[in-house]
1. Regarding Q171, is this residue surrounded by 13 or more Cβ atoms within 10 Å (Cβ to Cβ) and either modelled with pLDDT of 85 or more or not in a loop (DSSP other than H, G, I, E, B) (or both)?
2. Can you tell me which residue within the stretch 1-57, out of those that are among the aromatic types (F, W, Y) and more than 21 Å from N211 (Cα to Cα), is modelled with the lowest pLDDT?
3. Which pairs turn up if I take residues in the stretch 146-161 that are of a type outside the set (V, I, T) and look for partners that are loosely packed, with under 11 Cβ neighbours inside 10 Å with beta carbon separation below 8 Å, at least 6 apart in sequence or on another chain?
4. Residues that are under 30 Å from C158 (Cα atoms) and modelled with pLDDT of 80 or more, at least 2 per element: which helices (runs of 4 or more DSSP H) completely within the stretch 61-138 meet that?
5. From N189, N211, which residue is modelled with pLDDT of 75 or more and part of a helix (DSSP H, G or I)?
6. Between a first residue in the stretch 212-223 that is polar (S, T, N, Q) and a second residue that is at pLDDT 70 or above and surrounded by 10 or more Cβ atoms within 10 Å (Cβ to Cβ), which pairs have beta carbons less than 9 Å apart while being 6 or more apart in sequence or on different chains?
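The values are calculated or read from the model by the stated rules, or taken from the named source; none is laboratory data. Predicted model, so just to flag it, every value in this text is computed and none were measured. No Cβ is skipped: glycine too gets one built from the backbone with ideal geometry, and neighbour counts run over all protein chains shown.
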Amino acid sequence: MKKTEQPICAVTGQAVPASEAVPAHLVRPELRQLILADHPAFSDSDYISNEALNTYRRKYLTGMISQESKEISLLEKEVLEALANETLISENLGEASGEKLTLGQRIADKIAVFGGSWTFILSFFGFILLWMGVNIWILATRAFDPFPFILLNLILSCLAAIQAPIIMMSQNRQEQKDRLRSEHDYKVNLKAELEIRLLHEKLDHLIVHQNQKLLEIQEIQTDYLEDILRHLKK
């Protein structure tokens with residue numbers, strides 16, 4: 001039997017196993033253009049290793065993203081790096097919930113939660129009714145805030161003036177969290193789309209490689225049959 005020679009990668013110049021070698025005529029045209037830009041002698045009779053082909057796939061995806069958005073943002077760079085390093089983007093998702101808050105931020109969150117509840121509304125109306133009842137009936141002759149309750153109006157105005165910016169502080173923090181969630185979702189979706197494209201490329205190569213193996217098996221079976229026929233004739 002003849003010893004099968006390993007294909008030579010036209011990009012790296014190194015011998016690679018047949019299962020890791022992709023014939024040049026099976027490489028997509030857009031990838032071939034990138035390869036020809038670096039290796040003009042690349043022809044249909046050559047081979048390229050899976051590792052080198054993946055490098056050009058990532059290069060093609062990077063160029064495609066930059067053409068669509070005119071520039072590669074920091075988020076897209078993180079996605080491409082995660083794709084190249086085969087790391088998970090969503091693995092640090094839970095760390096945002098453990099962020100350290102300042103005393104002012106914690107107070108603002110609690111006030112915002114309390115100010116937007118029925119407990120605050122009922123307590124607020126109860127306080128007003130109690131204030132009015134004390135000044136009208138209990139302390140009718142010695143009321144500290146007689147009708148029209150100027151002191152109560154002053155307290156309510158100060159409460160509204162203080163409560164509004166505190167609630168806005170809490171809303172701004174919530175907007176920051178929502179923006180981080182949307183950026184995270186964008187990175188996950190982009191990485192999933194790019195990985196699906198690479199998966200299609202690998203499946204196409206796998207199918208072609210399996211077909212080549214089947215053809216080799218059929219050729220070997222044909223040789224066996226020819227040997228058997230020759231023996232029968234003898």
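1. When the stated conditions are applied, Q171 does not pass them.
2. Of everything passing the filter in the stretch 1-57, Y56 is modelled with the lowest pLDDT.
3. L151/F144
4. Ranges flagged: 103-115, 118-133.
5. N189
6. Short answer, once both residue conditions are applied: Q212/A18; Q212/P23.
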